[in-house]
1. Within the range 240-264, track down each residue that is farther than 23 Å from A291 by Cβ and in contact (Cβ under 8 Å) with a residue 24 or more places away in the chain.
2. If we keep just the residues of the range 227-279 that are basic (K, R) and surrounded by 15 or more Cβ atoms within 10 Å (Cβ to Cβ), which is nearest to V135 (Cα to Cα)?
3. Give the residues of the range 70-95 that are out of contact with any Leu (no Cβ under 7 Å at 6 or more places or on another chain), surrounded by 11 or more Cβ atoms within 10 Å (Cβ to Cβ) and without any contact (Cβ under 8 Å) to a residue 12 or more places away in the chain, sorted by residue number.
4. Quick one: A119 ticks every box in (1) farther than 23 Å from Q283 by Cα; (2) surrounded by fewer than 21 Cβ atoms within 10 Å (Cβ to Cβ); (3) touching a Leu at 6+ places or on another chain (Cβ under 7 Å) except a single one, so which number is it?
5. Given the criterion touching a strand residue (DSSP E or B) at 6+ places or on another chain (Cβ under 6 Å), modelled with pLDDT under 95 and surrounded by fewer than 22 Cβ atoms within 10 Å (Cβ to Cβ), identify the matching residue among S178, S199.
6. Just to check your reading of the model, which residue among E246, E255 is touching a helix residue (DSSP H, G or I) at 6+ places or on another chain (Cβ under 9 Å) and part of a helix (DSSP H, G or I)?
7. Out of the residues in the range 164-175 that are out of contact with any helix residue (DSSP H, G or I) (no Cβ under 7 Å at 6 or more places or on another chain) and in a helix (DSSP H, G or I), state the one that is surrounded by the fewest Cβ atoms within 10 Å (Cβ to Cβ).
8. If you check L167 against the conditions, is it touching a residue at least 60 places away in the same chain (Cβ under 8 Å), hydrophobic (A, V, I, L, M, F, W, C) and out of contact with any Asp or Glu (no Cβ under 6 Å at 6 or more places or on another chain)?
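The values are calculated or read from the model by the stated rules, or taken from the named source; none is laboratory data. These numbers were taken from a predicted model, which means no experiment stands behind them. Cβ coordinates were reconstructed from backbone atoms using ideal geometry, including for glycine residues, and neighbour counts include every protein chain displayed.
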Amino acid sequence: MTKQTALSLSLLGLALSGSPAIAQLVPPIKKDAPIERPAPPPQVEAVPIPTPPEPRDPSAVAEPPHVDLKLVDITPRDEKGRVLPPPRPLDEMVIDAVLPQLSAEIQAGIAKARVSRLAGADRAIARKPVVALAVRGLMAELDATQDRERIMAIDKQVRELIITPALLNHLQNNVLISGKQINDLAAMLSAYYRAFQGSVNDNEQEVLRNVVRVNAVEPMQILDRLLLDSALRWNDVKAKVKLIEEQAKAIADAEATVLNASDDAARRDAMAALLAKLPEKTQTSVLIAVATPLPRPVPAKPAKPEEPKPDGK
């Protein structure tokens, strides 16, 4: 094996370790077993791996009706055929690509499960506002830096925001996709990573940079949506959060910028600047105020009262 080939395999290994769903490629998934994450290969510097997804409830032994999935190429490319960073989370892209192949019942279950996961994901990002806002600022630096160590440092912060369980794991935990289907979908993710690596001729910095982008796309999209919703509903959010007088004075100028912003991009940037002037707990309160509502628990059915027994029995 040449040095260049070893480097290519190492970088691909790092890319795969950064994707919660990709980690399921080898070994094949065993039903009801926790998903094991492979450690990064020894040729690259070890980076923190996100907390593994919670194993499926052992009582959930059923598998969804099996459907052999036809694999779909999800790789985004420009007009010259060059592979691009994913515009959305890769898990979402693969699910949307195969959704028409699944039954209407499974599709409805997936839609419901995605909303419930999003409600938790919104709150996960809202509870780490300082890290999330810092990463938002670092993404522009990521595109400019050629320093490998700096890319790895940015990646370390991004990994603090990775949402677990990943969407594919969440759907399997809810008995909406099978273990074999997970492996098929993971193969689609793996194909994207290999295509990107080939498109940049195994350039180490570019491959590492794209791993960071892939890991960051979901938390950054969540943060940007929360920032925009906070800006658009600022007066209601402000009343709900109940800022103290000192906080209200500290954000007065930033508040005016939010209210006078002319487009969504300006609103998001202005709200990020406003949040930076507030304490962390207040930042969390602002973001949770516009988070996706949590699903309402299904009320338990009242127990059927026992019929009175005849006297003497």
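1. Residue satisfying the conditions is A250 alone.
2. R268
3. Answer for the range 70-95, where residues must be out of contact with any Leu (no Cβ under 7 Å at 6 or more places or on another chain), surrounded by 11 or more Cβ atoms within 10 Å (Cβ to Cβ) and without any contact (Cβ under 8 Å) to a residue 12 or more places away in the chain: just L84.
4. So the condition that A119 fails would be (1).
5. Going through S178, S199 in turn, just one is touching a strand residue (DSSP E or B) at 6+ places or on another chain (Cβ under 6 Å), modelled with pLDDT under 95 and surrounded by fewer than 22 Cβ atoms within 10 Å (Cβ to Cβ): S199.
6. Checking each option against the conditions leaves just E255.
7. N173
8. When the stated conditions are applied, L167 does not pass them.
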